[in-house]
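Structure, as structure tokens:
The values are calculated or read from the model by the stated rules, or taken from the named source; none is laboratory data. Quick caveat, the model's predicted, so the values are computed rather than measured. With ideal geometry, Cβ positions are generated from the backbone for all residues, glycine too; neighbour counts draw on all protein chains shown. For accessibility, only protein heavy atoms count, side chains too; no ligands or nucleic acids. Shrake-Rupley method; radii C 1.70, N 1.55, O 1.52, S 1.80 Å.
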Amino acid sequence: MLEQDGGLSLTIARIVQRLKGSSLHSQLERQARISLHNPEIKLESLKEDIKDFLKTSGWEKKLQNAVYSELNVFPSPCHPAAPPEHMKEPLAYMRKAQGSWEKRILKSLNSMCTELSIPLAQKRPASEQKELLNKWNEMGTDEPDLSLFRPVYAPKDFLEVLMNLRNPNYENGEQPSFRNHLGLIQVPLKVKDIPELKEDFSELDLNIGQLGIDDSAQVPPEFFENEHVRIGQKVLAEQDSAAAQQYVRQGCPTALRADLWALILNISNQPEDILYYEQLKSNVIQHDLLVDSLIYKDVKLTASNDDYYFVFEDYLYQVLLCFSRDTSVLEHFAYSSATPPKSYIRGKLGIEEYAVFYPPNGVIPFHGFSMYVAPLCFLYHEPSKLYQIFREMYVRFFFRLHSISSHPSGIVSLCLLFETLLQTHLPQLFYHLREIGAQPLRISFKWMVRAFSGYLATDQLLLLWDRILGYNSLEVLAVLAAAVFAFRAVNLMEVTSLAAAEAVLADLSTLKVMPLLQIFLFATIT
């Protein structure tokens with residue numbers, strides 16, 4: 001009990017510390033001062049009267065949402081005596097593997113820099129600044145020669161690294177046992193089984209109404225949809241993040257989704273947020289970074305060729321170029337196993353006081369990175385709000401999909417969960433695919449790394465992301481990946497090669513997410 005109290009007081013202290021520097025703190029102070037002019041505020045009961053004033057004027061709800069947001073983002077504090085790196089990643093071999101992977105990425109970036117004789121960063125000439133400012137809203141019309149640039153890495157390179165992960169304290173043994181050599185991921189992490197997943201995702205039960213099923217043409221809308229919309233409007237009127245998070249577990253009505261997601265992520269797009277976005281934009285216009293070319297190349301290779309997303313090309317450049325300059329993103333490295341890469345000012349190599357984070361946000365984009373932003377463009381048309389929603393989605397969820405960690409929502413755990421679900425519930429299929437050299441994870445990895453963006457139809461993808469936000473977890477990605485294999489199992493049992501298996505699973509755009517999840521979790525005999 002004492003330990004729990006200690007953990008709680010640590011959490012409270014950390015949240016107070018985090019909120020002290022925020023704009024909400026200064027707004028609350030300002031409102032408290034203004035309230036002193038109110039005749040109802042008495043000197044003898046000053047503290048209670050100000051509390052009541054903040055409650056009735058809606059500021060208490062804003063503070064609650066901010067606290068709830070912090071609780072969702074930051075991990076529970078470790079033991080007070082634990083070293084700070086344990087908050088990043090408790091397992092030493094995971095930290096070491098992530099460090100080696102970062103060195104590889106940086107080496108790849110630096111060698112490209114040397115080969116092309118391009119500096120990592122340089123100030124744009126005045127004429128170029130003016131030109132970029134003029135075409136800010138139509139950057140997609142620009143066709144720079146990017147043939148010499150290549151993505152720093154692609155998901156398949158990352159998978160090779162994960163396949164080689166081993167826990168040095170764990171005896172794999174020379175003799176291949178039934179357990180240890182079936183899947184590609186060979187690290188002993190605890191992942192959930194179907195009964196535990198059923199409990200965690202209980203709102204997805206067959207007996208509970210779901211958007212994505214009960215709003216289909218065959219079901220009269222008055223049965224579920226109308227009532228769900230009415231409750232959603234009430235949740236928005238209340239402006240309660242926790243209620244919104246609970247609500248979206250059953251899916252968001254299309255008309256309310258943008259506002260509900262913003263409420264869950266605690267994004268309100270205040271004037272100071274718009275000003276901050278404009279500052280990032282001016283940083284993009286003044287300085288040219290090597291990663292800008294990587295962003296251009298990625299958008300051209302992915303979203304520009306996508307039937308759903310090509311129209312958002314300009315938005316993607318704006319958001320991703322600003323994101324690369326945003327130093328506030330560095331804060332997420334406190335609870336990420338990754339460390340931001342450093343570069344040195346020219347001629348000062350190795351001198352720490354001349355070291356700078358590169359890119360300024362500490363995130364080197366990889367092949368497919370722009371697909372994290374593309375679906376959000378359907379919901380938000382105001383660039384500064386779109387930017388804030390993406391940044392918050394990234395620092396809560398997406399960073400876990402490309403860093404090595406033992407977190408339950410980290411990509412290693414998701415891969416292991418996917419392989420375990422398939423091995424346990426579809427052992428014949430798993431063994432068949434393994435025997436023909438078509439390990440299931442080789443096919444599903446790219447889906448999970450991109451959170452299925454670019455693979456599912458957009459309406460289905462947004463229903464999936466509703467559940468990610470609702471459960472504050474990425475585990476649903478692994479469950480869906482396993483459900484797709486279960487759905488196509490009959491066809492997959494017929495294939496005799498990796499290429500044929502990939503062909504069976506090449507097009508996911510016709511799949512319906514919610515029926516697949518429900519059948520896999522709640523209609524599978526365990």
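General observations
- Residue in region 107-155 that is nearest to Cys415 (Cα to Cα), counting only those that are out of contact with any Pro (no Cβ under 9 Å at 6 or more places or on another chain) and of a type in the set (Val, Ile, Thr): Thr114
- Residues that are in a helix (DSSP H, G or I) and of a type in the set (Gly, Ala, Ser) within region 461-476 comprise just one, Gly470.
- Residue check, Ile274 open to solvent by 20 Å² or more (accessible area, probe 1.4 Å) and of a type in the set (A, V, I, L, M, F, W, C): yes
- Number of positions in region 477-498 that are outside any loop (DSSP other than H, G, I, E, B) and touching a residue at least 12 places away in the same chain (Cβ under 8 Å): 15
- Being at pLDDT 70 or above and surrounded by 16 or more Cβ atoms within 10 Å (Cβ to Cβ) is a description that does not apply to Lys55.
- Within region 335-359, considering residues that are open to solvent by 50 Å² or more (accessible area, probe 1.4 Å) and touching a helix residue (DSSP H, G or I) at 6+ places or on another chain (Cβ under 8 Å), the one modelled with the lowest pLDDT: Lys348
- In region 505-519, the residues that are β-branched (Val, Ile, Thr) and either assigned to a loop (DSSP other than H, G, I, E, B) or open to solvent by 70 Å² or more (accessible area, probe 1.4 Å) (or both): Thr510, Ile519
- Of the numbered criteria (1) closer than 18 Å to Glu131 by Cα; (2) over 20 Å from the mean Cα position of the chain (by Cα), the one Lys300 fails is (1).
- Filtered by the rule that a residue be within 15 Å of Phe445 (Cβ to Cβ) and either open to solvent by 30 Å² or more (accessible area, probe 1.4 Å) or in contact with a Pro (Cβ under 7 Å, 6 or more places away or on another chain) (or both), region 478-491 gives a lone residue, Phe485.
- Subset of region 228-267 [within 19 Å of the chain's Cα centre (by Cα), under 21 Å from His381 (Cα atoms) and among the small types (Gly, Ala, Ser)]: Ala258, Ala262
- Residues of region 128-153 that turn out to be of a type outside the set (A, V, I, L, M, F, W, C), over 23 Å from Leu116 (Cα atoms), modelled with pLDDT of 85 or more and open to solvent by less than 40 Å² (accessible area, probe 1.4 Å), as a count: 1
- Criterion: hydrophobic (A, V, I, L, M, F, W, C) and over 18 Å from Leu477 (Cβ atoms) - qualifying residue of Leu433, Leu422, Leu417: Leu433
- Residue among Glu502, Glu475, Glu494 that is of a type in the set (Asp, Glu), closer than 15 Å to Asp193 by Cα and open to solvent by 10 Å² or more (accessible area, probe 1.4 Å): Glu475
- Top-ranked residue of region 75-111 - restricted to ones that are touching a Lys or Arg at 6+ places or on another chain (Cβ under 7 Å) and open to solvent by less than 50 Å² (accessible area, probe 1.4 Å), ranked as modelled with the highest pLDDT: Glu89
- The criterion of at least 1 residues that are among the basic types (Lys, Arg) is met, among helices (runs of 4 or more DSSP H) falling completely within region 358-460, by 383-396, 427-435, 440-449.
Here is a yes/no grid of residues against (1) more than 20 Å from Leu159 (Cβ to Cβ); (2) at pLDDT 95 or above; (3) in contact with a helix residue (DSSP H, G or I) (Cβ under 6 Å, 6 or more places away or on another chain):
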position	(1), (2), (3)
Thr424	yes, no, no
Gln439	no, no, no
Trp447	no, yes, yes
Leu461	yes, yes, yes
Asp466	yes, yes, yes
Leu469	yes, yes, yes
Glu475	no, yes, no
Ala481	no, yes, yes
Val484	no, yes, no
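- Of the set (1) free of Cβ contacts under 8 Å to residues at least 12 places away in the same chain; (2) of a type in the set (D, E, K, R); (3) surrounded by fewer than 13 Cβ atoms within 10 Å (Cβ to Cβ); (4) under 17 Å from Phe369 (Cβ atoms), all apply to Lys156 but (1).
- Filtered residues of region 448-472 (kept if among the aromatic types (Phe, Trp, Tyr) and open to solvent by 20 Å² or more (accessible area, probe 1.4 Å)): Tyr455, Tyr471
- Among all residues of region 420-440, there is none that is open to solvent by 10 Å² or more (accessible area, probe 1.4 Å) and under 28 Å from Asp273 (Cα atoms).
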